[in-house]
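Peer 1: Input: one structure, supplied below.
The values are calculated or read from the model by the stated rules, or taken from the named source; none is laboratory data. Quick caveat, the model's predicted, so the values are computed rather than measured. Every residue, glycine among them, receives a Cβ derived from its backbone with ideal geometry; neighbour counts consider all protein chains shown.
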Amino acid sequence: MTVADTSITARPAQISSWTLIWIAAVTVVAILYMMPGIAPWAVKYPSDAVIPISDWISAFMAWVKANFTWLTRGITDIVNVPLQWAISLLAKGWKFGYGPDALVLPRLSWIGICAAFALAGFAFGGGRLAALAAGCMIYIALFGQWDSAMLTLALIAISVPLCVVIGLGLGIVAFRKPWFDRAIIQPMLDLMQTMPTFAYLIPMLLLFGNSPVSGMLATAIFAMPPMVRATVLALKRVPHEIDDFGEMVGCTERQKLLKVLLPSGRPTLMVGVNQVIMLALNMVIISSMIGAGGLGYDVLLALRALKIGQGMEAGLAIVALAIVLDRLSQAAARQRPSVHVADQNFVHRYPMLTAAVAVLAGTTLLSLFLPAFASVPAAIKMSTAPWWKAVVDWVNIHFFDAIEAFRTILLLYVLNPIRDFLVEFPWLGMVLLVGLAGYRLSGPRLAVLVVLMTAFCAATGLWEKSMATLYLCGVSAVIAAIFGIALGIAASRSDRFAAFLMPICDTLQTLPSFCFIIPVVMLFRVGDVTAMIATVLFAIVPAIRYTNHGIRQIPESLIEAATVSGCTPRQMFWRVQLPLALPEIMLGLNQTVLLALSMIIICAMIGTRDLGQEVFIALAKADAGRGLTAGFAIAFIGIVADRLLRASTDRLQSRLGLV
Amino acid sequence: MNDQAPMRKEAELTEDDRPVKLRCKNVWKVFGAGAAKFLADRAAVVTSENLSEAKLVGAVRNASIEVRRGEIFIVMGLSGSGKSTLVRCLSRLIEPTWGSVELDGMDLLKAKPDELIEIRRHRMGMVFQHFALLPHLTVLENIAFPLSVQGVDRKTREARARKVIELVGLNGREQFYPRELSGGQQQRVGIARSLCVEPEIWFLDEPFSALDPLIRREMQTELLRLQSVLKKTIVFITHDFDEAIRLADRIAIMKDGEIIQTGTPEELVLHPATDYVAEFTRDVQRAKVMSAARLMQPVSPSADYGGTVQATDKVSTFSARIVGVRKNFLVTGADGKPLGEVTPDAVIDLLADRDLTREERI
C-alpha cells in the first residue's frame, strides 16, 4: 500500500469527522422518533402528498388494454398452440370432434414417461441417477399426483425453451454492446429478479387473459435473467486465444458466434439452463395457484381446507419433480461428448434416445387397449395423507403447549417490539440514514439511488407496509445469517459434516419456495412466526454455502504461514480465516437477504400484513396499479439492500487487496 | 545499430537474398485515450517520456521488421515486452495505432473487413500458446474447422484434414476430443489445424511455452522437420532464448515494446547490441550458434584435410570429429567450392570460450 504514509496523518481526522456526522444524524432521527410532534410530516408521510402512482399505472394499463388487446390476445393465441399441444401430449390427450364418435388420441403413457425419465437418467448419469429419476416419477404416479404433475411439466416444457432462446438473444446483444448491457439490460434484470412474481402476474392477467398463457409469460419473465447472465458470462469467459483463433481462420461475425464462441461456452450456458428450469418450476407452481392448475393449485386447495396430509403429499410431489429436473439437467450440463466412431447411423449414435422414443410410443399404443397404461390404476395408488395427519396430530397433542409458548414468546418479546419500532420510525429519518450509508460506502451516485428508492416507498403511501416487510425480512435474514454462518463455519472445519450438510443444502435450494410453508404451517399455524421460520429455512442456504466456501478457499499457504507463526486455532480463526473469508460471507448474506425478501412476499398467503398482502389484495381485485406499485416498493427495498451490501463488500475487498 | 557491418558480411555468406514476405514499418501500438491523435500529431516521433506524460502506454513502439520468404523469424522477449502485441498487429488481430504492415507488398492495414477475412482464410495460419482448440469438436473436426468456415464440403475438408494429421503424426486420434489428449498432442492438433489451409505465412505465438521441457524439445525438432518439408514463412514468438537460438534464421529481441536488435543467432551472440542482449547470450554455447564460416581461415596451400564441412554448418555439428582426428577440415560453400579451412585448435578455443582472438583473425 503506497498510501500508508499519507493515511497515518489523514486517518484520525477522517474518522472523527465521519463519526461526528453519524452521531449527528442518529441524534436528529432519535429526536424525531421521541418527539414526533415537532415535525409530524417527517415522521408520517402526509397523506395529501401521496403521489398517485398506482392510479397512473392503472390508467396506463387501461389504455394499453383498450388499444393493444388485439396484439396481446393475438400473442396469447399463438403461444397457446404449442402450450395446448404440450398439455395434450403430457396431461390431457387429444380429442377431435364431439360426442360419442369423437376421435380420441391418448396422452403419453405414464409408464412410458417414467421409463423415459429413467433412460435419461441412465444416459446422463448412470444407474444411480436412473434409479432416482424413476423413483421420483413413480412416487408422483403412485401418490396420485400424476395429472397435476404432468400439467406442471407441460408448462415448464414450453416456457423453458422460450426463456432459453430469448435469454440467449439478450445475452448476445448484451455481450456485443456493453453500453446497452449497462444502460438497459442489467437494470432490467435486477428489477425482474427483485420484483415479486405476483406483482407482474396482474398486468399479465390483464393483457393476456385468464389462461395458462399469462402464467407462462410471467414464468418466462421470472426465469429468464439467469439465462441472460449465463450467456454474457459464458461469452466473456471464452479464452482470448479462442476468440483470436476465430478471427484468424477468417470467421465472419456470425460464424464466430455460432461456431466458436457459443459452443466453447457450453458448460456455462448449461448452468444457465439448469437455473432457468428450476426457476420456471418455482414460478409455474406459483402461477398455477391463480388458475392454471397443476401441483401448486393442489397444495393451495389442501392448505385452505386445512387438509394437512393432502397438502404435504402434493408438496412432496413438487419436491420430487424439482429433484428430478434439477439432477437431470445438472447431469446433462456435465455431459461431454466422448469418442465416437464416424459414420454411425442415428440409432447407434443415440441408443438411449431411440430407446426412450420407442418405449414412449410402445406404451402409449398399449394404453389404447390397456387402461392401466393410460392412467395410474386406482388399485396401486397409495396415500400417506392419513399418516402425515397422524404425525401432525400427535405433535400437536403432545407438544402443543411448548410450541405455543415458543410462538407467543417470540411474538411478544421479539417480533412485535421490532415491528412497532420500525413502523413508527420516521420516514425522513430512514431516508437520511440510508442515504448517508450509501454516500459513505460508495459515493453520491449510490446515495441518490438509495434515497430515491426509499423515498418512493414513502411517497406512494406504502411506508408502513414497507416497514412491516422490512421488519419480517430483516429479522428472518438476521436469524438465517446467524445460523447459516455458524453452520458454514462448522462445515468448513469438518469434511464429514460438510459431506452431510451440502446435499441437504442442494436439496433445499432446488425446492420451490412454496414448499417451505407447508410443514411450518402445520406446526405453527398461520402468522408472522410461521412466515419467519419458513423464510429462514428458505434463505439460509447461501449463508451456509458462501461461508463454507469462503473459508475453504483461503490459500493453503496463508494457513501454513499462520501456523508457523504460532497461531492458536482460535487466533487462526479470528485473525486469519474470518477476515479473509469476510467478503465471500458478505456475498452470501446479500443473497440471503434477497431470498428472504422474495419469500416474505409469498408468505403473505398465510396472512402477514405487509407489502405482500398489498400485492395479494391487488391480485384478487385485478388492480394492476396497486399491485405494481407495491411490487416496485418491494423491488426497491431489495435493490437498496443489495446495493448497500454489495458496496460494503467491495470496500472490504479493496481494503483486503482482493480486487 | 553498430551491427550493420557484420550483418552485411553475414548476408553475403549465407543464402539470404530471398524476397520480403511480410514487412512492418514503424509500427506503434499505444493504449490510452486519444492515442491515435497523439501519435498522428507528432508523426510518431515520440519518446517514452512523452507517452507517460500523456498517460498513454506504448505496448509496441516503433517496431520495424522484414520477414523473408521461407524464413523462421523469431520475436523474442520476456513477458510484457510487447511481442504478442506485435504479432497481433502483424495479423491485425489488434489494430496498430501507427505504422504500416505489408504482406507481399500489399498494405494489410488498408484491407477492408471482407478482404481481411479472405486473407486470413487462405494466406495466414496461427498457432496459440494454449492451443485454443474447440472443446466440442473432435481432433478431425478441429483440424477441418478452418475449411468448414470457408464452406468447403465435408468430404474434401476431411480428406485434407487427414493429410495434415498424417503430417503431424496424429494418426488414430481423429475421433478423440482435445481434453483426451496430452499437451504435446493438443499442440500438434493446433499445428495441423493451422496448416490445413496451406497458409503462406505462419504465426506461432509461444506455441511450446505451455509444454514440459522434454516435450518442448521434441516439438521443436518436429517443427524443424516440418519446416524442412513445407518451407513456410514463419513468425515465431517465444520468451525462451534457447528455443530462439535453436530454431531461428533470424531473431528480433524486444524489450519494453521496442525491438532492440535483429540478427542471426550468431550475430546476437557475437555482437550483442546492448547489455540486455548480452545478458541473454552470455550462457549460450557458442559452438551451437557459430558456423564454420565464422571460424575459418584462408586455405593453406598444402593441407591434408581430415574432413569437409559446409560454411553454414554449426561448429557443434563437427566439433567432436575435428578434435578426434586432429586435422584441419575444409570448408566449402553450398556449391562445393572451397572457401577456407578450420583448425582443431580454433574449435577447441571456441569450445573453451577462448574464441575472442579468433574474431579478429577473420
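Listed here are the residues, each with its yes/no results for (1) buried (at least 20 other Cβ atoms within 10 Å of the Cβ); (2) charged (D, E, K, R); (3) under 29 Å from A:T69 (Cβ atoms); (4) more than 14 Å from every other protein chain (Cβ to nearest Cβ).
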position: A:I184; (1), (2), (3), (4): no, no, yes, yes
position: A:M195; (1), (2), (3), (4): yes, no, yes, yes
position: A:N210; (1), (2), (3), (4): no, no, yes, yes
position: A:A223; (1), (2), (3), (4): yes, no, yes, yes
position: A:T252; (1), (2), (3), (4): no, no, no, no
position: A:L262; (1), (2), (3), (4): no, no, no, no
position: A:G265; (1), (2), (3), (4): yes, no, no, no
position: A:I286; (1), (2), (3), (4): yes, no, yes, yes
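Peer 1: When residues of the stretch B:86-100 are filtered for being more than 11 Å from chain A (Cβ to nearest Cβ) and surrounded by fewer than 21 Cβ atoms within 10 Å (Cβ to Cβ), how many remain?
Peer 2: Result for the stretch B:86-100: 3.
Peer 1: Here is a further query. For residues in the stretch B:167-182 being in a loop (DSSP other than H, G, I, E, B) and exposed (fewer than 15 other Cβ atoms within 10 Å of the Cβ), which is nearest to the other protein chains (Cβ to nearest Cβ)?
Peer 2: So the residue we want is B:G172.
Peer 1: While we're here: Modelled with pLDDT of 85 or more, surrounded by fewer than 21 Cβ atoms within 10 Å (Cβ to Cβ) and part of a loop (DSSP other than H, G, I, E, B) - does that describe any residue in the stretch B:14-21?
Peer 2: yes
Peer 1: Moving to a separate point now. Does A:I518 meet the test of being more than 15 Å from the chain's Cα centre (by Cα) and in a helix (DSSP H, G or I)?
Peer 2: In short, yes.
Peer 1: Could you please find all residues in the stretch B:285-315 being part of a strand (DSSP E or B) and surrounded by fewer than 22 Cβ atoms within 10 Å (Cβ to Cβ)?
Peer 2: Of everything in the stretch B:285-315, those that are part of a strand (DSSP E or B) and surrounded by fewer than 22 Cβ atoms within 10 Å (Cβ to Cβ) turn out to be B:Q297, B:G307, B:T308, B:Q310, B:K314.
Peer 1: Output the residue which, of all residues in the stretch B:188-221 that are surrounded by fewer than 18 Cβ atoms within 10 Å (Cβ to Cβ) and of a type in the set (D, E), is nearest to B:S81 (Cα to Cα).
Peer 2: The extreme case among them is B:D212.
Peer 1: Please find, within the stretch B:115-142, the residue that is nearest to the other protein chains (Cβ to nearest Cβ) out of those that are among the β-branched types (V, I, T) and in contact with a strand residue (DSSP E or B) (Cβ under 8 Å, 6 or more places away or on another chain).
Peer 2: Selected residue: B:I119.
Peer 1: Right, something else. Which residue out of B:E243, B:E267 is within 22 Å of B:W202 (Cα to Cα) and within 18 Å of the chain's Cα centre (by Cα)?
Peer 2: Criteria check complete, one pass: B:E243.
Peer 1: Return the total of residues in the stretch B:102-114 being more than 10 Å from every other protein chain (Cβ to nearest Cβ) and surrounded by fewer than 21 Cβ atoms within 10 Å (Cβ to Cβ).
Peer 2: 9
For (1) of a type in the set (A, V, I, L, M); (2) out of contact with any Phe, Trp or Tyr (no Cβ under 7 Å at 6 or more places or on another chain), each residue gets a yes or a no:
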| residue | (1), (2) |
| --- | --- |
| B:E258 | no, yes |
| B:D283 | no, yes |
| B:V289 | yes, yes |
| B:T308 | no, no |
| B:R321 | no, yes |
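Peer 1: Which number in (1) more than 24 Å from A:A499 (Cα to Cα); (2) of a type outside the set (V, I, T); (3) surrounded by 19 or more Cβ atoms within 10 Å (Cβ to Cβ) marks the one condition that A:C567 misses?
Peer 2: Exception for A:C567: condition (3).
Peer 1: Return the residue satisfying two criteria in turn: it lies in the stretch B:322-340 and is without any contact (Cβ under 8 Å) to a residue 40 or more places away in the chain and touching a strand residue (DSSP E or B) at 6+ places or on another chain (Cβ under 6 Å), and of such residues it is farthest from B:A303 (Cα to Cα).
Peer 2: Of everything passing the filter in the stretch B:322-340, B:G333 is farthest from B:A303 (Cα to Cα).
Peer 1: On to the next question. Working only within the stretch A:552-579, note down all residues that are small (G, A, S) and not in a helix (DSSP H, G or I).
Peer 2: Answer for the stretch A:552-579, where residues must be small (G, A, S) and not in a helix (DSSP H, G or I): A:S565, A:G566.
Peer 1: Sticking with this structure for a sec: Would you check if there is a residue in the stretch A:590-601 being free of Cβ contacts under 8 Å to residues at least 12 places away in the same chain, of a type outside the set (S, T, N, Q), closer than 20 Å to A:Y200 by Cβ and part of a helix (DSSP H, G or I)?
Peer 2: Checked the stretch A:590-601: no residue is free of Cβ contacts under 8 Å to residues at least 12 places away in the same chain, of a type outside the set (S, T, N, Q), closer than 20 Å to A:Y200 by Cβ and part of a helix (DSSP H, G or I).
Peer 1: Does A:N80 fit the bill of being part of a helix (DSSP H, G or I) and under 32 Å from the mean Cα position of the chain (by Cα)?
Peer 2: The answer is yes for A:N80.
Peer 1: Is the stretch A:249-269 home to any residue that is part of a loop (DSSP other than H, G, I, E, B), within 26 Å of the chain's Cα centre (by Cα) and either outside the structural domain of A:L189 (by TED's automatic domain parsing) or not polar (S, T, N, Q) (or both)?
Peer 2: Yes: one or more hits.
Peer 1: Only one of (1) in contact (Cβ under 8 Å) with a residue 40 or more places away in the chain; (2) assigned to a helix (DSSP H, G or I); (3) within 10 Å of chain A (Cβ to nearest Cβ) fails for B:I191. Which number is that?
Peer 2: For B:I191, the exception is condition (3).
Peer 1: So, one more: Could you count how many residues in the stretch B:143-166 are surrounded by 19 or more Cβ atoms within 10 Å (Cβ to Cβ) and more than 10 Å from chain A (Cβ to nearest Cβ)?
Peer 2: Summing the residues that are surrounded by 19 or more Cβ atoms within 10 Å (Cβ to Cβ) and more than 10 Å from chain A (Cβ to nearest Cβ) in the stretch B:143-166 gives 7.
Peer 1: Please go through the stretch B:26-65 and pick out each residue that is in a strand (DSSP E or B) and crowded, with 17+ Cβ neighbours inside 10 Å.
Peer 2: The answer is B:V27, B:W28, B:K29, B:V30, B:G58, B:A59, B:V60, B:R61, B:N62, B:A63, B:I65.
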